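Everything on this sheet refers to the single structure shown next.
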Amino acid sequence: MTDGPACSRVIPFMPLILAAACVQDGAPAPDFMIDYEGVTPVANTGPPPSARLDLVVSIGPKTLTDTGSPDEFGRVTSVALGPDDEIFVADGRNREVRVFGLDGAHLRTFGREGEGPGEFQSLNSLAWAGDRLLSFDPEQGRIGEWSAEGEWLGQRNTQTGVTGPPDVLRLYSVGPDEVFRRDLENRYIGLNSRGQTGDTLASLRGPSSGPPAYIECRYDRSRALFVVPFAPRFLQHPGPGGVLYSALTSDYRIFVTRNDGAEVLRVIERPLPAESFGNDEWRAANEEYYEWLATRPGASCDPREPTRPDAKPFIEDLFVAPDGKLWVEVVRTAGNRWEVFDTEGKLLGSVAAPPRREYVVPAFGSDYLLTIRRDSLDLDHVDVWRLERGS
């Protein structure tokens with residue numbers, strides 16, 4: 001679960017978030033209307049198999065006096081687990097990558113602020129493609145290539161001058177040598193250690209009906225976007241082999257599709273009871289929006305009032321790990337949970353979700369979960385967890 005109230009936050013307005021999803025040649029993306037007649041869903045009924053998350057290491061300072069050490073991060077924007085189980089941490093504020101072992105020992109640091117080879121103006125995301133570490137610098141419009149030792153190997157150009165939070169402007173690692181990035185047209189562009197793969201996935205369009213998931217506000221010359229608490233959202237994540245995982249968060253049903261949603265390969269379901277919320281929880285979740293509005297009485301917001309859903313969503317987020325497993329963060333009143341599925345959609349385990357920071361996505365290895373957490377001292381920590389099953 002994210003640190004603090006996950007459903008009441010203001011997001012700096014970015015064209016990338018709200019741009020209409022498009023396929024190549026400018027044609028509109030298909031609506032999310034999946035016809036899966038003839039496809040038997042993987043139901044995953046009954047109690048989940050036994051599993052737990054064990055904390056392997058937590059990297060970060062313990063007190064405010066621990067200054068200047070390698071584990072004192074300015075702002076962690078991304079983490080990645082390397083081929084030799086080394087932990088690569090992107091420090092977006094210091095514009096460098098720090099490498100640690102699974103014992104927490106600092107091994108090396110590379111990169112610095114600048115515009116030349118091996119330098120960053122921004123550092124939003126890390127991902128492995130074969131034996132190369134890819135770094136995404138959206139402000140310079142380039143993807144850097146590095147060896148595991150921190151040697152600069154070259155770059156690939158992307159759109160220049162794009163800004164936004166790391167959970168949007170990022171690389172999606174979905175295989176040992178398969179990575180996707182999202183462009184300004186909301187397409188997923190396939191990459192590997194040799195360059196672009198030619199796989200381009202068009203984002204599917206979410207349902208056009210139903211209550212809005214966001215409130216867009218305009219004030220003076222600025223704009224802001226607020227998440228409507230508990231509103232259904234439409235999630236997507238690319239997968240290996242040019243497939244797309246999609247879900248509407250108000251249902252625990254995940255579609256695995258190909259060819260812009262026309263070919264349904266798999267439907268993954270998990271029957272869980274819906275959970276309601278009370279008036280106090282609804283007011284608290286909207287408090288940030290109303291406080292912002294009270295200080296800007298002339299703001300124009302659409303819609304002006306958030307529409308209250310009937311129940312909480314089932315899904316907070318979903319990710320496809322490089323080993324092909326599907327990790328689904330499930331919303332539960334007692335505390336969010338990670339539910340992990342194999343490549344066929346069979347549930348492998350359900351474990352309590354550790355706290356993680358907003359706007360920074362977790363990373364995954366083979367049965368590893370890496371999360372970024374901010375403590376009460378406002379310091380970033382990288383927590384590495386191992387999924388243990390059958391115990």
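The values are calculated or read from the model by the stated rules, or taken from the named source; none is laboratory data. Not measured: the values here are computed from a predicted model. All Cβ positions, even for glycine, are placed from backbone atoms using ideal geometry, and neighbour counts span all protein chains on display. Note: areas computed on protein heavy atoms with side chains; ligands, DNA, RNA excluded. Shrake-Rupley method; radii C 1.70, N 1.55, O 1.52, S 1.80 Å.
A few notes on this one:
- Whole-number percent relative contact order across the chain, with pairs defined as alpha carbons under 8 Å at least 6 apart: 22
- Residues whose amide H falls under 5 Å from that of V56, counting only those 5 or more places apart or on a different chain, are V384, W385, R386, with hydrogens built in the peptide plane.
- Residues whose amide H falls under 5 Å from that of R170, counting only those 5 or more places apart or on a different chain, are R182, with hydrogens built in the peptide plane.
- For the pair segment 225-246 / segment 36-76, the C-alpha centres are spaced 19 Å from each other.
- Of the residues P138, L204, T45, the one whose Cα sits farthest toward the positive end of the charge dipole of the chain, with +1 on the Cβ of Lys and Arg and -1 on the Cβ of Asp and Glu, is L204.
- Under 13 Å, Cβ to Cβ, from G241 - net charge with Lys/Arg +1 and Asp/Glu -1: -2
- Ratio Rg/Rh, restricted to segment 69-149 and using Cα atoms, in which Rh is the Kirkwood radius: 0.93
- Cα gyration tensor shape for the chain, rounded if a/c is under 1.5, else prolate or oblate: rounded
- Phi to ³J(HN,Hα) by Karplus 6.51 cos²θ - 1.76 cosθ + 1.60 over segment 173-178, Hz, x for Gly, Pro: 8, 10, x, x, 9, 8
- The Cα atoms of segment 161-214 cover 43, 23, 19 Å along the three principal axes, with the biggest extent listed first.
- Take the chain with all the other protein chains still there, run a 1.4 Å probe, and you get 44 Å² of accessible area per residue.
- What you get for segment 229-387, charging only the Cβ of Lys and Arg (+1) and of Asp and Glu (-1), is a dipole of about 200 debye around the Cα centre.
- Here is the tail figure for segment 294-354: Cα pairs spaced more than 17 Å apart come to 56 percent of all pairs.
- Straight-line reach from K312: taking Cα to Cα under 13 Å and skipping same-chain neighbours fewer than 8 places apart, the aspartates and glutamates in range are D251, E275, E281.
- Between S246, V174, W128, the Cα set farthest toward the positive side of the dipole of the chain (charges on each charged residue's Cβ, about the Cα centre) is that of S246.
- Förster radius 35 Å - calculated FRET efficiency between T307 and L265, Cβ distance, rounded to 0.05: 0.55
- Based on Cα contacts under 8 Å between residues 6+ apart, segment 112-181 shows a relative contact order of 28 percent.
- Under 22 Å from the Cα of K346 - lysines, other chains or at least 8 residues apart: K325
- Debye intensity ratio in log₁₀ form over the Cα atoms of segment 345-391, taken at each q of 0.14, 0.23, 0.27 Å⁻¹: -0.41, -0.89, -1.08
- Rg/Rg_ref, segment 240-391, where Rg_ref = 2.2 N^0.38 Å and atoms are Cα: 1.23
- Global geometry of segment 169-263, whether rounded, prolate or oblate, following the gyration tensor of its Cα atoms and the 1.5 cut on a/c: oblate
- Net charge dipole size for the chain [Lys, Arg +1 and Asp, Glu -1 on Cβ; Debye, nearest 20]: 540
- Of S147, S350, S125, the one that fluctuates the most in a GNM where the chain has Cα springs shorter than 10 Å: S147
- From largest to smallest, the equivalent ellipsoid semi-axes obtained for segment 217-256 from the alpha-carbon gyration tensor read 30, 15, 4 Å.
- Mean-position separation - Cα centroids, segment 343-391 and segment 172-199, in angstrom: 23
- Remark: segment 49-62, residue by residue, has Karplus-estimated 3J(HN,Hα) of x, 5, 7, 8, 9, 9, 6, 7, 7, 10, 10, x, x, 8 Hz, where x stands for each Gly or Pro and the curve is 6.51 cos²θ - 1.76 cosθ + 1.60 at θ = phi - 60°.
- Cα gyration tensor shape for segment 59-109, rounded if a/c is under 1.5, else prolate or oblate: oblate
- Computed Kirkwood radius, in angstrom, where 1/r is averaged over Cα pairs of segment 195-237: 13.5
- 5 angstrom amide H check on R108, placed H, neighbours 5+ away: V99
- Here segment 304-326 is scanned for amide nitrogen atoms under 18 Å from the site 7 Å beyond the Cα of R218 along Cα-to-Cβ, giving 304-305.
- Positive-end extreme of charge dipole, the chain - chosen from F226, F73, F341 (charges on Cβ): F226
- Placing unit charges on the Cβ atoms only, positive for Lys and Arg and negative for Asp and Glu, gives segment 285-372 a dipole magnitude near 120 debye about its Cα centre.
- Computed over segment 144-187, the ratio Rg/Rh where both radii use C-alpha atoms and Rh is Kirkwood: 0.99
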